[in-house]
Amino acid sequence: MSRDDPFDTTDISVLFVCLGNICRSPLAEGVFRHLAIERADPTRLSIDSAGTGGWHVGHPPDPRSQAVARQNGISIEQQQARRVSPEDFSRFDLIVAMDGTNLHDLEQLRPSGSSARLARLRDWDPEPGDGDVPDPYYGGPDGFDRVYAMIDRSCQALLNDLLA
Ligand code: 4NP
């Protein structure tokens with residue numbers, strides 16, 4: 001399908017995962033949903049995010065993630081952090097980790113026999129660097145700008161791949 005077609009009818013089922021589910025994966029969820037609803041049938045999208053750790057369960061995204069999303073026209077403040085569950089490995093076709101540690105933790109959590117595909121987000125980044133979306137939690141706001149750019153590039157390429 002070409003980029004000019006209004007939407008595709010492919011089922012898209014993606015869970016984005018980081019450590020706390022308050023900085024990186026909420027941004028990836030918001031960016032990817034924003035891109036996907038422009039090009040795919042919204043009723044066939046299943047997009048969510050979760051964390052491998054439980055410290056922030058029920059919390060909204062970090063205010064710095066909310067701010068960088070808002071600057072780019074994307075609203076993520078309605079999201080609530082949750083932890084990855086065993087059911088996620090059957091509910092989602094693709095589980096996308098932000099970094100290698102998240103990926104390793106997901107491999108440990110994966111129930112035997114689950115068919116979900118696991119990957120890192122920057123596997124799709126045309127400028128992949130070391131392959132990790134770095135954790136911006138303990139840094140300044142410029143870290144969130146850099147993370148946003150990586151997530152945006154990677155989500156565009158991921159969506160192109162899933163719709164190809
Ligand atoms: P995230 O960032 O994994 O991108 O949501 C973090 C948020 C909180 C903590 C660590 C990373 N924490 O240790 O509380």
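The values are calculated or read from the model by the stated rules, or taken from the named source; none is laboratory data. Note that the structure is predicted; figures quoted are calculated from it, not measured. Cβ coordinates were reconstructed from backbone atoms using ideal geometry, including for glycine residues, and neighbour counts include every protein chain displayed.
Points worth noting:
- Residue check, THR43 loosely packed, with under 13 Cβ neighbours inside 10 Å, in contact with a strand residue (DSSP E or B) (Cβ under 8 Å, 6 or more places away or on another chain) and not hydrophobic (A, V, I, L, M, F, W, C): no
- Residue match in the range 91-102 (condition: within 11 Å of the ligand (Cβ to nearest atom), crowded, with 18+ Cβ neighbours inside 10 Å and in a strand (DSSP E or B)): yes
- Pairs where the first residue, in the range 44-71, is more than 22 Å from SER90 (Cβ to Cβ) and of a type in the set (Lys, Arg) and the second is near the ligand (Cβ under 9 Å from one of its atoms) and modelled with pLDDT of 95 or more, C-beta under 6 Å, 6+ apart: none
- Extreme residue, modelled with the lowest pLDDT, among residues of the range 129-162 that are over 18 Å from ILE12 (Cα atoms) and of a type in the set (Gly, Ala, Ser): GLY140
- Test: residue in the range 83-90 that is out of contact with any helix residue (DSSP H, G or I) (no Cβ under 8 Å at 6 or more places or on another chain), closer than 28 Å to ASP8 by Cβ and among the polar types (S, T, N, Q): yes
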